[in-house]
Amino acid sequence: MNTDTVITRAHLVEGVHQIPVDVMYMSKYSVLVRFLNGNGYGNGSEFSKMVIRMNGEKAELGRCRIESEPHIDGFSNRLHFLEDVYDFESLFFKNQVINLQSSFMNLPMVLAHKKDITPAFRNFTSDLNYDLSVYRNIFDRIDDEYHGEPEKIRQLVQKTIIETEGQKFMHYLDERLMELNGLVKDFSKEEHEYHGFYFRKQLWEKILCAPFMVRTNLKPRGYAGDSEMMTMIYANDFRGDSTFGKLLHKHPIKHPAAQAVRNRRTLVAEMLPKVWKRYSAGGRERMRVLSVACGPAYEMQDVIFSEEEADKYHFTLLDQDRSALHEAATKVTHIEETVGCKVKVDYLNESVRTLIKTPKLQKVWGQFDFIYSMGLFDYLTPPVAKAVLGKLCQLLSPNGELVVGNYHVSNPGRYYMEYWLDWVLYYRTECDFVALLEDIPSVKSEVVFEDTCIQMFLHVKNKMAS
């Protein structure tokens, strides 16, 4: 972010008077002002508000007072706001008015949710929190016992602890998950939301020990299921600063719901050669492949493992997250170094909104022989999912095929994801999935599952496809 000197026009309000000033951004929580007409306002002068325009949008900031500062190009007054603490970085660079006290606006309502927590759930959470504290204390104490050993010895000792007592702890977590499922299975959507919020607040200290849980809860890129979360699931290893943290990190990514993510990665590698075989019979050279919400595109290294395979495909990787595209590009570079040739790849930094709103999308992006999107539809409401699927079908070549994934309603990890990880998805049945195609008569489809039967895939073919 460029935080070089930024100055904008505003006016301070005192009764019926509007005093024009220039406002200079100084830091995230401070600005300086310069009076334009030589008004004799000095240290301690108060104003009812400041009205400022950013990119044509008017924002009103509350009661404020002048505090004298050393002279900087005529900016000799710092503006101190008396009733709010404003984030000027957001105001000047994102055109958003954010004050720190806004977090307290919903405080009474949030606190009131405590009375809606069922006694059984309250007792379950309290007992779980107590048990986790005991486990953590024991694991941490053991970590301290061998802390002074050489690195290799520490690793061996920790490995033994993880493979013995750690597995008992994993079994304990499995049992608690079954108990949680039984407690919340009949809750309404609203009840899930405030019980989940209560649950995470009670267990927050423990959640922060596990890197995967930290990522899913804090969502540093603003959404769940980002490419770093996918990387952690694919790695399926132990991470954390302590034995307790490593176990708590590992438990959700060894769960069948996470295994389903790993399974879906192989699906593309299994399907593409079959599609290529039909495609190549037409005598054309490269097959055009589109990955929507591509993330880190790990599956490409399963597809392109030789120069011969690289020559078959022209990939287009689409994602709204530039960081994800950068990670995908890094993977592609690694593939190129491994197979010793260039891989034909285009990168599209676009969103679902762009996909839906762009008219005649086929003229902009062209046609594709194979389109896939493994995780996008888990986050789309039925109307949006239907619209996106319709657009993707328009991008199919006459003999093209499309595969999109979605978690099934039977996912046994649903409440684990929602309560522990704050990871909420749109689940569908097979009928729900097929119904998204009801307005697209020119295709035929089938629903298939990966080995855990937790994720299903809608396989769509143009009716011209054999």
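Computed from Cα atoms, the angle from the helix 256-280 axis to the main principal axis of the chain rounds to 60 degrees.
Potential lengthening of the chain between Leu218 and Glu165 amounts to 16.1 nm, from the contour at 0.36 nm per residue minus the alpha-carbon distance. Between Phe305 and Phe93, the modelled label-to-label distance comes to 4.5 nm, taking each label 7 Å out from Cα in the direction of the beta carbon. Here's the picture: charge each Lys and Arg Cβ at +1 and each Asp and Glu Cβ at -1 in the chain, and of Val261, Thr243, Ser280 the one pushed furthest to the positive end of that dipole is Ser280. The candidate values are (i) 228; (ii) 664; (iii) 159; the one derived from this structure for volume of the Cα convex hull per residue in Å³ carries the label (i). Taking Cα centre as origin and charging only the Cβ of basic (Lys, Arg, +1) and acidic (Asp, Glu, -1) residues, the dipole magnitude of region 44-120 rounds to 280 debye.
Tilt of helix 119-145 relative to the longest C-alpha principal axis of the chain, in degrees (0 to 90, nearest 10)? With rounding to tens, the tilt is 90 degrees. Projecting the Cα positions of Asn181, Val447, Leu208 onto the charge dipole of the chain (unit charges on Cβ atoms of Lys, Arg, Asp and Glu, taken about the Cα centre) puts Val447 furthest along the positive direction. For region 22-151, the equivalent ellipsoid built from the Cα gyration tensor has semi-axes of 49, 24, 13 Å, listed from largest to smallest. Taking each residue as 0.36 nm, the span from Ile153 to Ser126 lengthens on full extension beyond its C-alpha to C-alpha distance by 6.1 nm. Helix 151-163 and the longest principal axis of the C-alpha atoms of the chain enclose an angle of approximately 70°. Within the straight-line cut-off of under 26 Å between alpha carbons, the lysines reachable from Lys274 are Lys312, Lys331, Lys342, Lys344, Lys391, Lys444, Lys461, Lys463, sequence neighbours fewer than 8 places apart in one chain being disregarded.
Viscosity 1.002 mPa s, temperature 20 °C: give me the Stokes-Einstein translational D for region 1-63 in µm²/s, with Rh taken as the Kirkwood radius over C-alpha pairs. The partial results should precede the final answer.
Values: Rh = 12.5 Å.
Result for D is 171 µm²/s.
Backbone amide hydrogens, once placed in the peptide plane, bring Gly62 within less than 5 Å of Met50, excluding anything fewer than 5 places away on its chain. Here the chain is assigned +1 on the Cβ of each Lys and Arg and -1 on the Cβ of each Asp and Glu. Its dipole about the Cα centre then comes out at about 1120 debye.
Placing unit charges on the Cβ atoms only, positive for Lys and Arg and negative for Asp and Glu, gives region 109-254 a dipole magnitude near 320 debye about its Cα centre. Relative contact order of the chain, taken over Cα pairs closer than 8 Å and 6 or more residues apart, is 10 percent. Sort out for me the Cα centre separation of region 169-188 from region 366-441, rounded to whole Å. Comparing the Cα centres of region 169-188 and region 366-441, I get a distance of 27 Å.
Which value in deg cm²/dmol, rounded to the nearest 500, describes the helix-derived mean residue ellipticity at 222 nm for the chain, given -39,500 (n - 2.57) per DSSP H run of n ≥ 4 and division by the residue count? Please report the intermediate quantities before stating the final value.
Numbers: 17 runs with 201 residues, N = 466.
So the helix-based figure for the chain works out to -13500 deg cm²/dmol.
Each label point was placed 7 Å from the Cα along the Cα-to-Cβ direction; for Glu179 and Thr5 their separation is 6.4 nm.
Where a number appears in this text, it was derived from the coordinates with a stated rule and is not lab data. A quick note: this is a predicted structure, and the numbers were derived from the prediction, not measured. Glycine gets a Cβ as well: all are built from the backbone with ideal geometry, and neighbour counts include every protein chain shown.
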